[in-house]
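Read through the structure below, which is laid out as structure tokens, and then see the notes.
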Amino acid sequence: MAQAATLADASAKAGVKHVVWSTLEDTRAFFPLGSRMPVLMGKYNVPHFDAKGEANKLFTGRVPTTLVNTSFYWTT
């Protein structure tokens with residue numbers, strides 16, 4: 001979150017006209033905390049996903065932003 005906030009602030013201060021933010025779904029929108037899985041770090045179901053999703057508002061509130069929701073990472 002700190003890194004995303006720094007990037008959003010820097011983008012706004014630099015007058016960036018448009019940001020493309022690669023993000024992930026915030027799972028808490030689909031599974032409220034504690035409903036089906038353990039709560040991690042006191043506020044996340046899936047920390048990497050939830051934090052990226054939470055960071056969306058840091059950008060959309062400061063600079064015109066396109067949110068690109070990617071899929072999770074696959075390995076074989």
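Could you identify the single residue in F49, F59 that is aromatic (F, W, Y), in contact with a helix residue (DSSP H, G or I) (Cβ under 7 Å, 6 or more places away or on another chain), in contact (Cβ under 8 Å) with a residue 40 or more places away in the chain and outside any loop (DSSP other than H, G, I, E, B)? Talk me through it step by step, then tell me what you get.
Working: F49 fails: in contact (Cβ under 8 Å) with a residue 40 or more places away in the chain.
Within the list F49, F59, the selection yields F59.
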Study note, to complete from the structure: Counted residues in region 1-44 being part of a loop (DSSP other than H, G, I, E, B), over 19 Å from S71 (Cβ atoms), in contact (Cβ under 8 Å) with a residue 12 or more places away in the chain and among the aliphatic types (A, V, I, L, M) come to 3
Exercise for review: Check T60 against each of (1) over 13 Å from the mean Cα position of the chain (by Cα); (2) surrounded by fewer than 17 Cβ atoms within 10 Å (Cβ to Cβ) and name the one condition it does not meet.
Suggested key: (1)
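Computed from the coordinates by the stated procedures, all read-outs in this text should not be read as laboratory data. Just so you know, these numbers come straight off a predicted model, no measurement behind them. Virtual Cβ from ideal backbone geometry, glycine too; neighbours counted across all protein chains shown.
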